[in-house]
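Working notes, beginning with the structure itself.
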Amino acid sequence: MMSANSLSGKRLPPWRTELAALVVLALPMVFTQLAQMAVMTTDVIMLGRLSQTALAAGAIGSTVYYFAWLIGAGPPSAVSPMVAQSLGAEPDNKEAVRAIVRMGLWAVILMALPMAGVLVSGRWVLLHLGQDPVLADKAGQFLGMLAVGLPFSLGFMVLRNFSAAVGKPNAALWVMMATIGFNAIADYTLIFGHFGFPRLEMIGAGLATSCSSVFSFLAMLVVVSADPVMRRYRLFRHFLKPVWARLAEVYRLGLPIGLTMIFEAMLFNVMTLVMGTFGEVSLAAHQVALNFASVTFMVPLGIGMAATVRVGIATGRGDAQAARLAGFTAMGVGVGFTLLSGLAMAFFGAQIASLYFGVPTVKDSQAIVLATLFLKVAAAFQLVDALQVIGTLSLRGLKDTRMPMILAGGSYWLAGAPMCLLLGLGLGMQGLGIWIGLAFGLAVAAAVMCWRFEWLTRTGRLAVEAEAV
């Protein structure tokens with residue numbers, strides 16, 4: 001069928017064609033990220049209703065879980081660019097795609113087992129990190145149950161990345177929407193002991209989250225098996241047959257991805273601990289500003305994930321100009337959104353911060369004032385954060401992961417962390433100094449990631465060549 005554009009004799013400029021393709025792919029990914037945040041928010045709300053101690057134990061337990069999850073999430077993250085490049089090179093080679101996804105699931109099994117061991121040892125880990133014994137004990141119960149769901153969470157990630165790479169991003173969105181409801185019911189039932197179930201409290205919280213991970217993985221399996229496009233790949237045919245070269249590539253690309261994510265996440269975790277030394281008000285204001293920034297960050301993250309696919313497909317067919325256009329189009333869309341969200345933070349920071357409190361006490365009012373100040377920094381913070389994540393994920397589409405890992409480590413720990421400590425502690429700026437330092441580290445990361453993408457695509461160094469430089 002001829003399009004209206006063709007009938008009129010007009011041809012869209014390449015950037016508009018790319019923009020349309022990006023938006024169609026990115027929107028479901030953005031909403032999927034927001035749905036995942038809704039699941040986590042439900043857990044926090046339910047634990048808060050249980051007790052303040054349960055909420056605190058859940059917070060420190062989640063830190064250990066997130067660390068283990070980040071390590072395990074690297075190989076599943078490699079599936080998207082590998083499938084995209086394979087389809088770009090040979091659109092009809094279903095065996096190659098099947099082998100990539102199969103080895104991605106193998107990698108999940110191999111990674112999840114030692115990571116689950118860390119979670120089961122969570123109480124011991126937290127005690128050796130100097131945490132309160134009561135909180136460590138409750139967090140250990142929580143983590144022991146989370147270990148059950150870890151492989152399913154990572155397995156869902158593999159299938160989600162596959163579905164996005166083959167142009168079916170809505171699949172994961174519908175699954176996550178269903179998971180929100182399932183998780184809320186499981187939390188309510190197992191934490192508080194409703195519908196005839198025992199009251200399991202922290203064990204129930206962890207078990208509910210694991211059950212939700214199992215649910216999302218099994219639901220994704222059903223969708224993949226039922227969808228006409230994805231069913232053609234017959235993902236589980238010869239599942240036990242190894243493809244060693246693909247498995248090695250999953251690890252070669254995936255482990256640096258996991259370390260890149262850890263470099264950034266640990267910077268924010270460490271600076272949250274530093275913020276705690278400035279007092280309860282500073283820490284509360286920091287958490288408010290960081291939570292709101294994390295919600296808006298889901299949009300550029302989803303755009304970046306779409307950029308991985310678009311850049312990967314272009315790279316697979318050897319089209320450096322198309323890969324370049326895909327990456328920079330995604331960066332432009334991300335910047336456009338964060339300019340809008342940044343304006344909201346800059347001019348309506350007090351109203352945003354007030355949403356996080358009920359009837360404000362004196363301390364709450366102080367936290368709102370401080371959070372408003374942090375949100376003004378976050379307005380600029382958002383812009384560079386969008387550029388660094390989209391730049392990083394565009395490089396991932398080139399299968400360039402080792403150098404971005406090195407650049408991320410330098411940006412966050414040789415630039416961002418020292419600046420945070422210099423301004424926050426050395427110059428006595430406290431929380432404001434920490435936020436400026438975080439923004440500085442992200443700005444350095446944005447500059448080097450975008451520069452590397454520009455250089456690789458301008459010089460035509462794609463895929464394997466990118467890994468070698």
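Please treat every number below as a calculation from the coordinates, not as lab data. Because the structure is predicted, anything quoted here is derived from the model rather than measured. Cβ atoms come from the backbone with ideal geometry, glycine included; neighbour counts cover every protein chain shown.
One equal scatterer on each Cα of segment 259-469, no solvent, Debye formula: the resulting log10 I(q)/I(0) at q = 0.13, 0.15, 0.17 Å⁻¹ is -0.71, -0.89, -1.06.
A Förster radius of 45 Å combined with the Cβ-Cβ distance from Phe347 to Ala226 puts the calculated FRET efficiency at roughly 0.45. Would you work out which of Val274, Tyr188, Leu235 lies farthest towards the positive end of the dipole of segment 141-289? Charges go on Cβ: Lys and Arg +1, Asp and Glu -1. Result: Leu235, furthest along the dipole toward the positive end.
Tell me the relative contact order for the chain as a rounded percent, counting alpha carbon contacts under 8 Å between residues six or more apart. Mind dumping the intermediate values first?
Numbers: 761 pairs, mean separation 90.5, N = 469.
After rounding, I find 19 percent.
Modelled spin labels at Ala178 and Ala59, positioned 7 Å past Cα toward Cβ, are 3.5 nm from each other.
If you wrap the Cα atoms of segment 24-242 in a convex hull and average its projected area over all directions, you get 12.4 nm². For segment 248-276 versus segment 164-239, the spacing of their alpha-carbon centroids is 26 Å.
Determine the gain in length on full extension of the stretch Ile109-Asn291; use 0.36 nm per residue of separation and subtract their C-alpha separation, reporting nm with one decimal. Before the final figure, lay out the partial values.
Numbers: separation 182, 0.36 × 182 = 65.52 nm, distance 3.16 nm.
Contour length minus the Cα-Cα distance gives 62.4 nm.
Which Cα, out of Gly409, Thr32, Thr459, lies furthest along the positive dipole direction of the chain (beta carbon charges, K/R +1, D/E -1)? The one lying farthest along the dipole's positive direction is Thr459. Taking only the alpha carbons of the chain, we obtain Rg and Dmax values of 22.3, 73 Å in that order. At q = 0.09 Å⁻¹, what log₁₀ I(q)/I(0) does segment 123-271 have when each alpha carbon counts as one equal point scatterer in the Debye sum? Values, matching the q order: -0.41.
Going by average Cβ density within 10 Å per residue, which order do the peptides 149-156, 235-242, 210-217, 72-79 take, highest to lowest?
Values: 149-156: 24.0, 235-242: 12.2, 210-217: 22.2, 72-79: 26.2.
Answer by packing, highest mean first, reads 72-79, 149-156, 210-217, 235-242.
Using Cβ point charges alone (K and R +1, D and E -1), the dipole size of the chain about the Cα centre works out to roughly 1260 debye.
So, in Å, what gap is there between the alpha-carbon centers of segment 340-410 and segment 44-91? Answer, in whole Å: 19.
Ranking Leu110, Asn93, Ala306 by how far each Cα lies toward the positive end of the dipole of the chain (charges on Cβ) leaves Asn93 at the top. Start at zero, step by 5 Å, and the Cα-Cα distances of segment 150-196 spread as 5, 19, 19, 19, 15, 11, 6, 4, 1 percent across the bins.
Over all orientations, segment 263-357 has a Cα convex hull whose mean projected area works out to 7.4 square nanometres.
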